[in-house]
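Written below as structure tokens is the structure these notes are about.
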Amino acid sequence: MQENRGQFSSKMGFIMAAAGSAVGLGNIWGFPTQAASNGGGAFLLVYLVLTFLLAYPVLMAELLIGRYARSNAVEALQQIAIGRKTKRFGFLVGSGGILAATFILSFYAIVAGWMIAFFVEPAAILMGAQGTAEWSVTFGNERNIVFTLIFMLLTIFIVNGGVKDGIEKWSSRLMPVLFVMLLALTGYVLTLDGAMEGLQVYLVPDFSQIFNPELIISALGQAFFSMSLGVGTMLIYGSYVSKQENLPKLGAYVTLVDTGIAFIAGLLILPTMYVAKANGVEIFSESGTLLNSDTLIFNVLPAFFDTMGESGLLVAIVFFILMTIAALTSSISMLEVPVAYAVEHGNLARKKAGYLIGGLIFVISLVIIFNFGTLFGLVITITTQYAQPIIGLMFCLFIGWIWYRNSILQEIKHGYPQAEHSFFWKIWPNYVKFVCPLLIVLLVVQSLG
């Protein structure tokens, strides 16, 4: 471990950074449409329960390993290994997490670039640059390359600043802005015709659906993936947390912030969909189901904003800035996973590592862009449906079956001296050992089906 490695300077700094990692595009567009397609309030209720049944315990596993080892994912898992075979296993799992984070960011940067492009369009219209506006929202290699590069440079800039002056500083700035913009847009949309219908779809449970296996699996997957679990991002952030902090409490705060923002996003997106419907914009497919989330974001919402005249341009700017911020707070945690390994294992200077790895990820993005029809969906499927849950399962196996229980307890007691007698300690060790692996296996089996 390097003695000069960074550390979050405050509890709030960590919460903002970790919650920012968890709060991404999936929370703001994926969660609301998942809810609308799976029983509305019933999905919301099951999601909230499963967040604390799966996401929180796995989050705690990553945070504990990270803070104990004070190292990157590969070396952290090797530190808690108890023999040559498990050390090799730790190397494979940690390396898998780094690769998964790298490839997730390669497609995530493309999607985030679209958010910037759709922010540029209304801004260009207001400035009278109609040609630029049309170019920015016309799908094509040139446009995708330009905006993906812009987004990657923003991500590299923040990560190059380090833990305190980069990740913590910018997360602490961006997360409050995201929250305020989310609340302001939600408040505005709820005053429009059609909003109450969307609100009813979102909040009123269809209790006949609450034990539907498809609903439960969908909620389970959303709870797991929305917390940025399974690629080592939370392990890395945990390695920057002070030994004096109460980790179970910090993990609970992060989980609450993440679920809170996902919930508020639902209060924005679903009413907006039905406001669009009231304005003559089609939000349902021919089969009667709600359109896919990407169609809603890039087709339905812009069409709705167009019906609002000049005020719609301002709303569009605010909305897509919000989406860009959500993407950025997640992307910096993904880039930090391979950068931390390069800095600590390869002894590279942080800025050099940031530009080299960020540049490599941009090259992978270019390959995806030039082979979009073949690779884009494939990379998403491999990384999010298979790699993330399988690596998350490996983290659970490490902490439940390999790491000595007394060592885990001593690590928790650093910031929580009474941990041994707490409800958390009575439940969590066996829960993460038996229940979490079973739930994750269910996710993997369901995705195979």
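The values are calculated or read from the model by the stated rules, or taken from the named source; none is laboratory data. The shown structure was predicted, so the numbers you read here are calculated from the model rather than taken from an experiment. We place every Cβ from the backbone using ideal geometry, glycine too, and count neighbours over all the protein chains shown.
In region 251-268 there is at least one residue that is buried (at least 24 other Cβ atoms within 10 Å of the Cβ), within 20 Å of ALA76 (Cα to Cα) and either of a type outside the set (Phe, Trp, Tyr) or at pLDDT 90 or above (or both). Contact map, region 191-218: first residue among the small types (Gly, Ala, Ser), second residue surrounded by fewer than 19 Cβ atoms within 10 Å (Cβ to Cβ), Cβ cut-off under 7 Å, separation 6 or more or different chains; pairs are GLY194/LYS277; GLY194/ALA278.
Apart from one condition, ILE399 fits all of (1) within 30 Å of TRP114 (Cβ to Cβ); (2) surrounded by 22 or more Cβ atoms within 10 Å (Cβ to Cβ); (3) among the aliphatic types (A, V, I, L, M); (4) over 20 Å from the mean Cα position of the chain (by Cα); the exception is (1). I need the full set of residues from region 387-409 which are in contact (Cβ under 8 Å) with a residue 40 or more places away in the chain, over 20 Å from PHE224 (Cβ atoms) and in a helix (DSSP H, G or I), in order please. Result: ILE402, SER407, ILE408. Look at (1) under 23 Å from the mean Cα position of the chain (by Cα); (2) surrounded by fewer than 20 Cβ atoms within 10 Å (Cβ to Cβ); (3) within 20 Å of GLN7 (Cα to Cα); (4) polar (S, T, N, Q) and you find that ASN347 fails only one, number (1).
Would you mind finding the one in ILE332, ILE283 that is surrounded by 19 or more Cβ atoms within 10 Å (Cβ to Cβ) and either modelled with pLDDT under 95 or among the basic types (Lys, Arg) (or both)? Can you show your working first?
Numbers: ILE332 fails: either modelled with pLDDT under 95 or among the basic types (Lys, Arg) (or both).
Only one candidate qualifies: ILE283.
Using the structure shown, decide if SER365 is surrounded by fewer than 21 Cβ atoms within 10 Å (Cβ to Cβ) and in contact (Cβ under 8 Å) with a residue 60 or more places away in the chain. No; evaluated as a whole, the condition is false for this residue. Screening region 137-234 for helices (runs of 4 or more DSSP H) wholly inside it with 2 or more residues that are surrounded by fewer than 21 Cβ atoms within 10 Å (Cβ to Cβ) and among the charged types (D, E, K, R) returns the ranges 141-160, 169-189. For LEU44, the requirement of being over 16 Å from the mean Cα position of the chain (by Cα) and outside any loop (DSSP other than H, G, I, E, B) is met. For region 70-90, the candidate set comprises residues that are of a type in the set (Gly, Ala, Ser) and crowded, with 21+ Cβ neighbours inside 10 Å; within that set, the residue that is farthest from MET394 (Cα to Cα) is SER71.
Might you let me know whether region 249-259 holds any residue that is over 30 Å from VAL204 (Cα atoms) and either part of a helix (DSSP H, G or I) or β-branched (Val, Ile, Thr) (or both)?
For region 249-259, residues over 30 Å from VAL204 (Cα atoms) and either part of a helix (DSSP H, G or I) or β-branched (Val, Ile, Thr) (or both): present.
Filtering region 117-155 to residues that are among the β-branched types (Val, Ile, Thr) and more than 17 Å from LEU366 (Cα to Cα) leaves VAL120, ILE125, THR132, VAL137, THR138.
It is to be established whether one or more residues within region 343-361 are of a type in the set (A, V, I, L, M), under 29 Å from MET175 (Cβ atoms) and not in a helix (DSSP H, G or I). Yes.
Does GLY20 qualify as being within 22 Å of the chain's Cα centre (by Cα), surrounded by fewer than 24 Cβ atoms within 10 Å (Cβ to Cβ) and part of a helix (DSSP H, G or I)? Full working, then the answer.
On the way: within 22 Å of the chain's Cα centre (by Cα): yes; surrounded by fewer than 24 Cβ atoms within 10 Å (Cβ to Cβ): no; part of a helix (DSSP H, G or I): yes.
It is false that GLY20 is within 22 Å of the chain's Cα centre (by Cα), surrounded by fewer than 24 Cβ atoms within 10 Å (Cβ to Cβ) and part of a helix (DSSP H, G or I).
Check whether at least one residue in region 161-174 is at pLDDT below 95, touching a helix residue (DSSP H, G or I) at 6+ places or on another chain (Cβ under 9 Å) and closer than 30 Å to GLY280 by Cα, and report yes or no. No - not one qualifying residue is present in region 161-174.
With respect to the stated conditions, TYR386 is aromatic (Phe, Trp, Tyr), at pLDDT below 95 and closer than 20 Å to GLY97 by Cα.
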